[in-house]
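Asker: Below is one structure. I have some questions about it.
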Amino acid sequence: MAVALGPEKLDTIRAAFENAALIVEHRHYRGGHSPDHCSSTTSNRSTEYLRTKAKPGDSIWCWRLEDHTPSDNALT
């Protein structure tokens, strides 16, 4: 299987984990279903998921968790 994300992209994602937890959204190219999401505080889970599940043409989006979970927006 071809690697969808090159080493430099995976390194960027790993480096981001040094500062914050991440939300990763995996949009499947011609997948015919909704995107998959994962969040983690370590790079191992997310990069392993991307290394094994992402395919060429897929779109990968990453956000810092703290940027999308402000305390004034909490449900409880």
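No lab work stands behind these numbers, since they all come straight from the coordinates. Note that the structure is a prediction, hence the values are computed from the model and not measured. Methodologically, a virtual Cβ is constructed for each residue, glycine included, from the backbone with ideal geometry; neighbour enumeration extends over all protein chains shown.
Asker: Would you mind computing, in nm to one decimal, how far apart the modelled labels at Ser71 and Ser34 are, each placed 7 Å from Cα along Cα→Cβ?
Answerer: Those two pseudo-labels are separated by 3.1 nm.
Asker: At what distance in nm do the modelled label points of Trp63 and Lys9 sit from each other, each positioned 7 Å from its Cα along Cα→Cβ?
Answerer: Here the modelled spin labels are 2.0 nm apart.
Asker: In 5 Å bins starting at 0, how do the alpha-carbon pair distances of the chain split up by percent?
Answerer: Spelled out per bin, shortest first, that is 3, 15, 25, 23, 16, 10, 5, 2, 1.
Asker: While we're on this one: Read phi for every residue in segment 45-55 and hand back ³J(HN,Hα) as whole Hz from Karplus 6.51 cos²θ - 1.76 cosθ + 1.60, θ = phi - 60°, with x for Gly and Pro.
Answerer: 5, 5, 5, 5, 4, 5, 5, 9, 9, 6, 10
Asker: Which far-off residues, 5 or more places away or on another chain, put their amide H under 5 Å from the one on Ala21, with H placed in the peptide plane?
Answerer: Leu65, Glu66
Asker: Moving on to the next point. Using each residue's phi in segment 10-17, evaluate 6.51 cos²θ - 1.76 cosθ + 1.60 at θ = phi - 60° and report the 3J(HN,Hα) Karplus result to the nearest Hz, with x for Gly and Pro.
Answerer: These are the phi-based 3J(HN,Hα) values: 5, 5, 4, 5, 4, 5, 4, 5 Hz.
Asker: Work out from phi, with θ = phi - 60° and the Karplus expression 6.51 cos²θ - 1.76 cosθ + 1.60, the ³J(HN,Hα) of each residue of segment 19-35, listed in order in whole Hz, and give x for Gly and Pro.
Answerer: Computed from phi, the couplings for segment 19-35 are 10, 6, 6, 10, 9, 10, 10, 10, 9, 7, 6, 6, x, x, 8, 5, x Hz.
Asker: Further question on the same structure: Could you point to the residue in Leu65, Ser40, Leu50 farthest towards the positive end of the chain's charge dipole, with +1 and -1 charges on the Cβ of Lys/Arg and Asp/Glu respectively?
Answerer: Leu50
Asker: What ranking of Ser46, Ser71, Ser40 emerges when the number of other C-beta atoms within 10 Å of each C-beta is taken as an exposure proxy, fewest first? Please list the in-between numbers first.
Answerer: Numbers: Ser46 25, Ser71 6, Ser40 16.
Least crowded to most crowded, the residues run Ser71, Ser40, Ser46.
Asker: Could you work out the helix-only [θ] at 222 nm for the chain, with each DSSP H run of four or more residues adding -39,500 (n - 2.57) and the total divided by the number of residues, to the nearest 500 deg cm²/dmol?
Answerer: Working: 2 runs with 21 residues, N = 76.
That comes out to -8000 deg cm²/dmol.
Asker: What's the magnitude of the charge dipole for the chain around its Cα centre, counting Lys and Arg as +1 and Asp and Glu as -1 at the beta-carbon? Answer in Debye, nearest 20. Don't skip to the answer; put the middle values down first.
Answerer: Working: 9 positive and 10 negative charges, 81 e Å.
For the chain, the charge dipole is close to 400 debye.
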